[in-house]
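Notes to accompany the following structure.
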There are 2 protein chains.
Amino acid sequence: MKPAVTYELIKTDKATGARAGIIHTPHGSFPTPMFMPVGTLATVKTMAPEDLKEMNAGIILSNTYHLWLRPGHELIREAGGLHKFMNWDQPILTDSGGFQVFSLSKIRDIKEEGVHFRSHLDGSKLFLSPEKAIEIQEALGSDIMMSFDECPPYPASREYMIQSMARTTRWAERGLKAHTTMDKQSLFGIVQGGVYADLRQQHAKELASLDFPGYSIGGLSVGEEKHLMNEALEATTPFLPADKPRYLMGVGSPDALIDGVIRGIDMFDCVLPTRIARNGTTMTSQGRVVIKNKIYEKDFGPLDPNCDCHVCKNYSRAYIRHLVKAKESFGIRLTSYHNLHFLIKLMENVREAIMEDRLLAFREEFFEQYGYNKPNPRNF
Amino acid sequence: MKPAVTYELIKTDKATGARAGIIHTPHGSFPTPMFMPVGTLATVKTMAPEDLKEMNAGIILSNTYHLWLRPGHELIREAGGLHKFMNWDQPILTDSGGFQVFSLSKIRDIKEEGVHFRSHLDGSKLFLSPEKAIEIQEALGSDIMMSFDECPPYPASREYMIQSMARTTRWAERGLKAHTTMDKQSLFGIVQGGVYADLRQQHAKELASLDFPGYSIGGLSVGEEKHLMNEALEATTPFLPADKPRYLMGVGSPDALIDGVIRGIDMFDCVLPTRIARNGTTMTSQGRVVIKNKIYEKDFGPLDPNCDCHVCKNYSRAYIRHLVKAKESFGIRLTSYHNLHFLIKLMENVREAIMEDRLLAFREEFFEQYGYNKPNPRNF
């Protein structure tokens, strides 16, 4: 049977092998590379579905763990699934809850059958397993589901990583067995292995042999230096099947997106653009603009003079600064919109560069303009 | 010279004399009766200008006092005026700051020249006068400006009210003299007089003799019983010129809107729909819906089955409840949108009833459906 989600390769960049493609899902197709806005609780914070469509968001992500707790996956099933519940008729990807179990719960007990842990909301006892993660995601009805995995902390010892990877593989196999809706939803396997190149390679091969319809790369962007992420990707993607989509989890800084695409990644997600937006920090073609700064008080120009988004066409830095300082939620709506548009548009530009075999030149120019070549390395 | 803002009468309801009209301004015309959303700090909380246009908001209100403090009227002047600053190209009405001086500042010293008071933000000393209120509003560039008035507390003694009214009249005359932009902005006089019918009549006549392009009725909806507001209106509107617009300030409950129109009012504003929305309370054709209530947990129907707004067409009570409970700002965006649409649509329906000479029947039916005839009088 043909998987619900398939990858169509359109073009590879000659110098890097970076891929431009199309991912087809039961809720429509979207071009890759693609940045996916994160809608943790069935809403991309401050954004309406129309806003997301206007900025060409081809797919959004939502969080299994959070929806399981609030409002509950059975309620969403009764509502007709997550698409209908949140009024989003385009593709949705859900994670497995694995990352939240490890990032939000301080007390957890990892067993072969699954993980016992505590709710970050009320401390109540919870248990998540490969089968439970599938059950929840089938209730949600996302187009792309994730296998339940362990996301080990960074740094983790080689010995621990070997054990953890093996368990994640066994959990991936259990997830595949539990999955019943292959015609409507596709399950991705998650490659772990930390920053150990040989383990990344080994785990990519192991999961590739399980023939998932797509692959995620997890356990990166968890505190390691950027060159380590890039090395881990280089050790992974060559061992993933070329005809399946590849998703780098939790990565959202512009440099990491471009460097990820260069290493064969098709999809990304991150809360970064919306999280920093809530503090009034925006991404522009000239680097970060922290809108609360006094220098923008009477700046009647757009957030980004090189941006054609709805916000930059209609609102000034002075206005957005006023709103953010006055804690008016419309200010956060504007910065969130701009930041999401920025990353989605960046991926459109990267795709165009791939089509024209000039991705490395694009990277060079972007890094220069954005300020990545300046001495300040904190410029996400 | 023809005033910048003019009133065109289209039809009066036979039984009540209620008016359907059109108000023409330099930024376009809008039908009356009209409810005006309040955009205190140059933004109608959570709403984009496109949202307001979609719900047929013909004019919005913004607050002189708040914009004077943040971001400052000179900054808005430099930005090209309030319309451009906030990306709203339709009519704007600004109040005079008089109400905020009395509602937000505990320490105030009323002199003939104006009012000395303290900022509600940082306690700094401020002074507002009829001339200053005009200066600020001319910098903002609103289509409709308000005279600086005293809004006396309720209850206020007859003696105090007589003195206060006389001062408000003198301030109105000073405002008229200070006003320099009659071709672009029209200044309304504000009728006071509390709940004293004879004083209302007297003040209406006094202000009418000053030949303002429009009239506001202030000092109501400040704690008095509803029948007292209606009686005050009945004592006022017959003495205002029939060819000028009439605006009842700060009134936003559905019953008061309908009863105000019946007594000859054309325009209303209130923070009520957006303020209660932030708490998850919504106005529907069947009365209040407090969306956090457990009964809506699995209610997959719209907020209001009789509403055709964007929110009711696309989102369920269960979804909105989930968002509001999870403190997701998109939930407040949805409830705010619905409530504003509700009052704007109510005024459209009232207008239609006037056109068909059936306003009293409309009132009867609306009050019955909304629950105003039930024993619970707290149903705003």
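Throughout, read-outs are computed from the coordinates displayed, never taken from laboratory work. The structure presented is a predicted model; accordingly, all values stated were derived computationally and were not measured. Cβ: placed from backbone, ideal geometry, glycine included. Neighbour counts: every protein chain shown.
Ordering A:240, B:303 from the fewest to the most neighbouring beta carbons within 10 Å gives A:240, B:303. Backbone geometry of the range A:291-297 corresponds, through the Karplus equation with coefficients 6.51, -1.76 and 1.60 at θ = phi - 60°, to 3J(HN,Hα) couplings of 5, 6, 4, 4, 4, 8, 3 Hz, x marking Gly and Pro.
Counting Lys +1, Arg +1, Asp -1, Glu -1, what net charge surrounds residue B:161 among other residues with beta carbon under 12 Å of its beta carbon? Before the final figure, lay out each step's value.
Numbers: positive: B:158, B:167, B:200; negative: B:150, B:159, B:198.
My count for the surroundings of residue B:161 gives 0.
The C-alpha atoms of chain A define a longest principal axis, and helix A:329-355 lies at about 70 degrees to it.
Subtract the Cα-Cα distance of residue B:180 and residue B:205 from 0.36 nm times their separation in residues, and report this length gain in nm to one decimal.
Numbers: separation 25, 0.36 × 25 = 9.00 nm, distance 2.45 nm.
Result: 6.5 nm gained on full extension.
What residue among B:337, B:160, B:370 shows peak mean-square fluctuation when chain B is described by a Gaussian network model with Cα springs under 10 Å? Sorting by GNM fluctuation, first place goes to B:160.
Test of understanding: ordering B:83, B:203 by Cβ neighbours within 10 Å, fewest first, what list do you get?
Numbers: B:83 21, B:203 30.
Ranked by crowding around the Cβ, least crowded first: B:83, B:203.
Between residue A:77 and residue A:352, take the C-beta separation as r, use R0 = 51 Å, and let me know the FRET efficiency to the nearest 0.05. E(calc), rounded to 0.05, equals 0.80.
Starting from the Cα-Cα distance between residue A:70 and residue A:279, subtract it from 0.36 nm times their residue separation and give me the gain in nm to one decimal. Working shown, then result.
Working: separation 209, 0.36 × 209 = 75.24 nm, distance 2.50 nm.
Full-extension gain reported as 72.7 nm.
Only aspartates and glutamates eight or more places from residue A:177 in sequence, or on another chain, were considered; those with a Cα closer than 19 Å are A:95, A:112, A:113, A:131, A:135, A:138, A:143, A:149, A:150, A:206, A:211.
Taking Cα atoms only, the orientation of helix A:359-370 departs from the longest principal axis of chain A by about 50 degrees. Under a 5 Å amide H cut-off, with hydrogens placed 1.01 Å from N, residue B:282 pairs with B:289, B:290, B:291 among residues at least 5 apart or on other chains.
To the nearest 0.05, what FRET efficiency results for residue B:125 and residue A:234 with a Förster distance of 60 Å applied to their C-beta separation? Please list the in-between numbers first.
Numbers: r = 65 Å, r/R0 = 1.08.
According to the calculation, E is roughly 0.40.
Dividing the Cα radius of gyration of the protein assembly as shown by its Kirkwood radius returns 1.05 for Rg/Rh.
Pop the C-beta distance of residue A:308 and residue B:288 into the FRET formula with R0 = 41 Å and round what comes out to the nearest 0.05. Display every interim value, and only then the final one.
Details: r = 43 Å, r/R0 = 1.05.
E(calc), rounded to 0.05, equals 0.45.
Per-residue shielding of B:38-47, expressed as the average number of other chain Cβ atoms within 10 Å of the residue Cβ, stands at 4.
Okay, which of the range B:112-130 sit inside 20 Å, backbone N to the point 7 Å along the Cα-Cβ direction of residue A:297? What the label zone holds, given the 20 Å backbone N cut-off, is B:119-127. Each residue of the range A:82-93 was assigned a 3J(HN,Hα) from its phi angle through the Karplus expression (A = 6.51, B = -1.76, C = 1.60, θ = phi - 60°), giving 5, 4, 5, 4, 9, 6, 10, 9, 9, x, 10, 10 Hz with x at Gly and Pro. For residue B:34, nonlocal amide neighbours, meaning residues 5 or more places apart or on other chains whose placed amide H falls under 5 Å from its own, are B:267, B:268. Once the Cα atoms are used to define both axes, helix A:197-209 deviates from the longest principal axis of chain A by about 60 degrees.
Sorting A:40, B:181, B:25 on the 10 Å Cβ count, fewest up front, what's the list?
With the sparsest Cβ surroundings first, the list reads B:181, A:40, B:25.
Quote the relative contact order of the range B:150-262 in percent (integer), defining contacts as alpha-carbon pairs under 8 Å separated by 6+ residues.
Numbers: 139 pairs, mean separation 29.7, N = 113.
Taking the mean separation of contacting Cα pairs over the length of the range B:150-262, I get 26 percent.
Here the 3J(HN,Hα) profile of the range B:133-150, calculated from phi with Karplus coefficients 6.51, -1.76 and 1.60 at θ = phi - 60°, is 4, 5, 4, 5, 5, 5, 5, 5, x, 5, 6, 10, 10, 10, 5, 6, 9, 9 Hz, Gly and Pro shown as x.
Across peptide A:332-339, how many C-beta atoms of other chains are within 10 Å of each residue C-beta, on average? Average per residue, whole number: 2. Counting only other chain Cβ atoms within 10 Å of each residue's Cβ, the peptide A:289-299 averages 1.
By how many nm would the segment from residue A:198 to residue A:15 lengthen if fully extended, with 0.36 nm per residue of separation less the alpha-carbon distance?
Numbers: separation 183, 0.36 × 183 = 65.88 nm, distance 2.46 nm.
Contour length minus Cα-Cα distance gives 63.4 nm.
Considering helices alone, the calculated mean residue ellipticity of the protein assembly as shown at 222 nm is -12000 deg cm²/dmol, with DSSP H runs of length four and up weighted by -39500 (n - 2.57) and normalised per residue. Report the relative contact order of the range B:277-370, percent, no decimals, based on alpha-carbon pairs under 8 angstrom and at least 6 residues apart. Contact order relative to length: 31 percent. For residue A:10, the residues 5 or more places off, or on other chains, whose built amide H falls under 5 Å of its own are A:20, A:21, A:22.
Compute the relative contact order of chain B as a whole-number percentage, counting only Cα pairs closer than 8 Å that sit 6 or more residues apart in sequence.
Numbers: 755 pairs, mean separation 69.0, N = 380.
After rounding, I find 18 percent.
For the residue pairs A:325/B:292; A:292/A:327; A:84/B:298; A:53/A:345; B:294/B:327, the alpha carbons lie more than 19 Å apart in A:325/B:292.
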